[in-house]
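The numbers here are math on the coordinates, done by the rules we state, and not lab data. In this text the structure is predicted, and so the values were computed from the model without any measurement. Virtual Cβ from ideal backbone geometry, glycine too; neighbours counted across all protein chains shown.
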Amino acid sequence: MQPEHANIALKMMIPAYENEVALTRKVLAAVPADKCSYKPDERSMSAMELCWHIPAAESFFATAVTTGTFPPFNQKPENVKSPADVLAWYDAQVAAQLPKLKALTGEQAAKPVDSPFGTQPAIAFLQIMINHSIHHRGQLSTYLRPMGAKVPSIYGHSRDDKEAKEAAAKA
């Protein structure tokens, strides 16, 4: 990949990532603390496992994109016990990683990075990170209603948002 192409991709992907962060935050914030063990099937991750997996994987991929090396996968810190704790950890990770992503040059984004998934330009792992988060956020969002939680709007209004707006309008 040529650096100028990688730079164009960065200019498109960084705003997309920022948008996805906001959506991921809404879903993480909607997970009820007392329902963290919920899973729709025995083979599924629990709600808490998914809550952790999304931010941990984002940190894993963002570190690889910004440094050119994949770190060990993040183990959940002892003090992260609830969805609110995960959200606070996620916010700190985004605050640390986003400026580094924004500072990348086309040359850095085009640099080949070795990974367990093969060698690709660093920018490719930014796209994989975004897709991975969208995938697992979608899974987590389908857990919300069965857990008794409200489903936030993601790519358009959710029924819960619509009902809340209608109730507010009647009040």
For this session: For the chain, find the longest principal axis of its Cα atoms and tell me its angle to the long axis of helix 3-30, 0 to 90°, nearest 10.
Result: 20
For this session: Normalising by the residue count of region 3-170, find the relative contact order in percent from Cα pairs under 8 Å and 6+ residues apart.
Result: 32
For this session: Would you work out which of Phe61, Pro112, Ala169 lies farthest towards the positive end of the dipole of the chain? Charges go on Cβ: Lys and Arg +1, Asp and Glu -1.
Result: Ala169
Exercise. Listing Glu107, Glu58, Glu166 from the residue with the fewest other Cβ atoms within 10 Å to the one with the most, what is the order?
Worked result: Glu166, Glu107, Glu58
For this session: Going by C-beta contacts inside 10 Å, put Leu87, Leu126 in order with the fewest on the left.
Result: Leu87, Leu126
For this session: About the Cα centre of region 1-129, how large is the charge dipole given +1 on each Lys and Arg Cβ and -1 on each Asp and Glu Cβ? Please answer in debye to the nearest 20.
Result: 120
Exercise. In deg cm²/dmol and to the nearest 500, what is the mean residue ellipticity at 222 nm of the chain if only DSSP H runs of at least 4 residues count, each as -39500 (n - 2.57), divided by the residue total?
Worked result: -22000 deg cm²/dmol
For this session: Pick out, from Ala122, Pro15, Pro77, the residue whose Cα sits farthest towards the positive end of the charge dipole of region 3-170, with +1 on the Cβ of Lys and Arg and -1 on the Cβ of Asp and Glu.
Result: Pro15
Exercise. Which of the aspartates and glutamates could a cross-linker bridge to Lys111, judged by Cα under 16 Å and excluding same-chain residues fewer than eight apart?
Worked result: Glu4
For this session: Using only Cα atoms, tell me the angle between helix 122-144 and the longest principal axis of the chain; keep it within 0 to 90° and round to the nearest 10.
Result: 10
For this session: Note the angle between two axes, namely the Cα long axis of helix 83-103 and the longest principal axis of the Cα atoms of the chain, as a number of degrees from 0 to 90, rounded to the nearest 10.
Result: 30
For this session: In whole angstrom, note down how far apart the Cα centers of region 69-84 and region 98-145 are.
Result: 17
Exercise. Can you list the aspartates and glutamates whose alpha carbon is less than 19 Å from that of Lys170, not counting same-chain residues fewer than 8 positions off?
Worked result: Asp160, Asp161
Problem set entry | Proximal lysines relative to Lys39, as straight alpha-carbon distance under 27 Å, when same-chain residues fewer than 8 apart are discounted | Lys26, Lys76, Lys81, Lys150, Lys162
